[in-house]
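Heads up, the thing below is written out as structure tokens.
The values are calculated or read from the model by the stated rules, or taken from the named source; none is laboratory data. Owing to the predicted nature of the structure, the values given are computational and were not obtained by experimental measurement. Because the Cβ atoms are built from the backbone with ideal geometry, glycine has one as well, and the counts that use them run over all protein chains shown.
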Amino acid sequence: MYIAPPPDSEATARLYQSSLDGQGFVMNLTRAWAWRPEVFEAFAALRSQLTEHSSLSKRELAVLVCATASELGDSYCALAWGKTLAGLSDPALAAAVLQSQAGAGLTPRDQALSSWARKLVDDPNRTTAADVASLRAAGLSEREIAEATLFVAFRLAFSTVNDALGVQPDWQVAAAAPKEVAAAVTFGRPVAPRLAY
């Protein structure tokens, strides 16, 4: 990344340990966010608050992230969430969302959410009442439309920090992604090399 990691402290140690416990390694993005551990932790808490009581399914949330990441050109989140979506559906569907392709088992809700996410990334001031009507027509409630919008905005903020600071996807994240997902991620920053110790 473009900035050096922060000095060691109790807060950074806590953040690194959390990443190690959850992922098995300290993620590259954790090192960038470690300059403000309390902000990272607040982001994690907000994500939980947003998703825990949402009527959007885990698969639909993964569709939103994959569409957002691919439209933004964020390889890090595309690889991580592409793996998640592949596990909740199948690798071909995840690759289709990452490549903005129709079909491959996408439900009308999947397609509507993917399209909405891409519109928000491209230019939120160009959305229309017809775009929202398309979401309703796919079966999304007013609350779900609001939640999807909040979630995409949240993911955009998170990805913007990582991408702007030059954070590369961890090789472990790339290695864990199904081959279809890895092949679909043709955008964004390259995967960090695996270092020999």
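Values as computed for the structure displayed
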{"read-out": "Residues within region 140-192 that are of a type in the set (Ser, Thr, Tyr) and over 11 Å from residue 75 (Cβ atoms), tallied", "value": "3"}
{"read-out": "Residue satisfying condition, being touching a residue at least 12 places away in the same chain (Cβ under 8 Å) and assigned to a helix (DSSP H, G or I), within set 181, 167", "value": "181"}
{"read-out": "Check on residue 150, within 20 Å of residue 59 (Cβ to Cβ) and either outside any helix (DSSP H, G or I) or more than 14 Å from the chain's Cα centre (by Cα) (or both)", "value": "no"}
{"read-out": "Check on residue 106, in a loop (DSSP other than H, G, I, E, B) and either touching a Phe, Trp or Tyr at 6+ places or on another chain (Cβ under 9 Å) or exposed (fewer than 15 other Cβ atoms within 10 Å of the Cβ) (or both)", "value": "no"}
{"read-out": "Residue among 106, 72 that is in contact with a helix residue (DSSP H, G or I) (Cβ under 8 Å, 6 or more places away or on another chain) and modelled with pLDDT under 95", "value": "106"}
{"read-out": "Wholly enclosed helices (runs of 4 or more DSSP H) of region 5-92 bearing at least 1 residues within 15 Å of residue 157 (Cα to Cα)", "value": "28-33, 37-52, 58-72, 75-88"}
{"read-out": "Subset of region 132-147 (residues that are out of contact with any helix residue (DSSP H, G or I) (no Cβ under 7 Å at 6 or more places or on another chain) and part of a loop (DSSP other than H, G, I, E, B))", "value": "141"}
